[in-house]
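Just so you know, all these numbers are worked out from the coordinates, no wet-lab data involved. Everything numeric in this text was worked out from a predicted model, so none of it was measured. Using ideal geometry, Cβ is built from the backbone for each residue, glycine included, and neighbour counts are taken over all protein chains shown.
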Amino acid sequence: MNHGDTEAQRQKLNELTHRVIGLCMEVHREVGPGLLESAYEEALAYELTQAGLSFERQRDMPLLYKGIKLDCGYRLDFIIENQLIIELKAVTELLPIHHAQLLTYLKLERRQLGLLINFNVPVLKDGVRRVASGDLFKSEKPTRTDLGQLALLLCASVSLWFKTHITLSS
C-alpha cells in the first residue's frame with residue numbers, strides 16, 4: 001500500500017470515528033449517565049440506523065487456537081462499516097482491562113481502530129478512548145509499541161490489584 005492509499009484509509013477511518021462519536025454524544029445528551037450498558041447499546045443502534053451506517057451488533061467472536069475455533073463467549077458490541085470496533089461501557093471508571101479488551105478484539109479481528117466508550121460520565125468526551133492497533137496510525141504520532149502498551153497495562157493492573165487487596169485486608 002502506498003502512502004496516498006494509507007493516508008486515504010486513515011482519513012476515512014478518522015471521519016467514521018468522528019461521526020460515531022457524534023452519534024454517541026447524541027445518545028448521551030438524550031438519556032444521560034446512569035443507565036445499563038444495554039440501554040446505550042439499543043440507543044446507539046437506533047442512531048447508527050438513522051445515520052445510514054452499516055453495523056453488526058453483539059457479533060460472536062470465536063478465538064482461533066492452533067487451528068481450532070474456540071467459542072469463549074467473546075462478543076463485539078459493534079463493528080461499524082466492517083472497520084471500526086466499538087466497545088461500550090457503563091462503569092464508574094474505565095480500567096486498563098477495558099483498554100486491553102478492546103486491543104485484543106482489534107488484534108483478533110485484524111482491525112486498525114476502535115473506540116472504548118463509557119457512558120457513565122457527566123460529559124461524554126471524558127468517557128471516550130480511541131484505541132489503534134497495527135501500522136495504519138503509527139505514523140500519525142510516535143507511540144509505544146503494542147508490547148510497550150501491554151507492559152503499561154499490566155503494570156497498571158498489578159498496581160490496581162495491590163491497591164484493592166491492601167485496602168480489603170486493612
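Just to confirm a number: summing +1 for Lys and Arg and -1 for Asp and Glu over residues other than I117 whose beta-carbon lies under 12 angstrom from that of I117, what do you get? Net of charged neighbours comes to -1.
Taking label positions 7 Å along the Cα-Cβ direction at both L63 and D135, the computed distance is 2.8 nm, reported to one decimal. Residues T92, T17, T104, ranked from the fewest to the most other C-beta atoms within 10 Å, line up as T92, T104, T17. Shown here for the range 30-102: trypsin sites (Lys or Arg not before Pro) in loop regions (DSSP other than H, G, I, E, B) with at most 12 other Cβ atoms within 10 Å, namely K66.
Judged by the ratio a/c of the largest to the smallest principal axis of the C-alpha gyration tensor, the range 3-141 counts as oblate, that ratio being 1.5 or greater while a/b is no larger than b/c. Amide H contacts of V128 (H built 1.01 Å from N, in plane; Pro and chain starts excluded): N118 sit under 5 Å, all sequence-distant by 5 or more or on other chains. Report, ordered by chain and residue number, the aspartates and glutamates lying within cross-link reach of K89, taken as a straight Cα distance under 14 Å and ignoring same-chain residues fewer than 8 apart. Output for K89: E37, E41, E42, D77, D126. Given a Förster distance of 45 Å, report the FRET efficiency between N14 and Y74 from their Cβ-Cβ distance, rounded to the nearest 0.05. E(calc), rounded to 0.05, equals 0.95. Legend: calculated FRET efficiency, E7 to L36, from the Cβ-Cβ distance at R0 = 35 Å, rounded to 0.05, equals 0.30.
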